[in-house]
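Notes follow once the structure below has been shown.
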Amino acid sequence: MDSLLELPGARLRSGRAQRPRGRRESHGPASYTRRILVTNPARTNHNVRSAPGDAARDVWTREVRAQYARFDRRAKAWLDDYTRAGGRVYCASGCFRCCDMPIRLSWAEALTLSESLTPEQHRAVREHARKVWRNAHASRTPDEYVERHRREVGFCPLLDRETGSCTQYADRPTRCRDTYSALPAFLCAPDGPAQLSRSERRRYEQVVRTDPVMDGETHFIAPLEQLSEPAWVAFSKLMRKGLGFELWGDFHYLVAMTMEPDFHAALALRDRKKVIAALRKAGLYHPEIVQVE
Ligand code: SF4
Ligand code: SF4
């Protein structure tokens, strides 16, 4: 086990006041953890006129991939500066302990990822989505939802458990891209902090609270999560212009819905109620894990 005492912090104390807090909560169901996106469709430049399923879908996926590339460039620059200044990031190839977290994404991202999946992966995602649905019904609190998701719903089916690699690395959602750990990977596991002794736990809590790269509650790197904000806003605009509303939800849940023709038909009508009806018909509706807003 790495020592917590060797972790970053002392050199990088500025800027804490600007950091958003609780960003990891956006892994959870959105009614508990709703990401507020400020949207001004009048300012958008996206040339989207209809719901995806036709040429507009290509516009969406191109824009999503452009946002991913933009984020990746900015994240690399941030990471280069951070490590040059002595900061340490614990994420590495083959490290996957975070891949059992519930993840929220936009419909635009779901469509993009869906394009790259094999039929077998689509089936696995669908099965995973059903587990997510069952968990949403069984959980009584946000914490229970997240806890059960990690322990019972389990790892993302797009993870290669033998190599620890993401089989859809290029098109993985924003939340998968902006998750970086400033502390050792064992702490990313659901029982990670519980492995610490009492004094290590106190030290952990102090580091998380006071280190400016962390969000005050977890050891994930907050400035990198901030860098993804333009992507969230871009997806929000894309959906408002193309659908007339925004569609957010659980990662596997929304990707599963990309394969439902009735759902696409409902989206094409730009009618929020019909969209929800299509979700119900597919047996995949739960207001906690999909939001039409
Ligand atoms: S966030 Fe944690 S589990 Fe995920 S890659 Fe980084 S160190 Fe590994
Ligand atoms: S898409 Fe890839 S990075 Fe994201 S949770 Fe799944 S396996 Fe992990």
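Brief remarks on what is shown
- Most tightly packed first, judged by the mean number of other beta-carbon atoms within 10 Å of their residues, the peptides 214-222, 82-90, 267-275 read 214-222, 267-275, 82-90.
- Estimated inter-spin distance, residue 143 and residue 91, nm [label 7 Å along Cα→Cβ]: 2.7
- The stretch 234-283 versus the stretch 129-192: alpha-carbon centroid distance in Å: 23
- Along each principal axis, taking the top coordinate minus the bottom one, the Cα set of the stretch 106-260 gives 51, 35, 32 Å in descending order.
- Spin-label model, residue 245 to residue 269: label points 7 Å out along the Cα-to-beta-carbon direction sit 1.2 nm apart.
- Sorting 259, 239 from the fewest to the most surrounding beta carbons within 10 angstrom yields 259, 239.
Bear in mind these aren't lab numbers, they're just calculated from the coordinates by the rules spelled out. For clarity, every value in this text was computed on a predicted model and none was experimentally measured. A quick note on method: Cβ atoms are made from the backbone with ideal geometry, for glycine too, and the neighbour counts reach across all protein chains shown.
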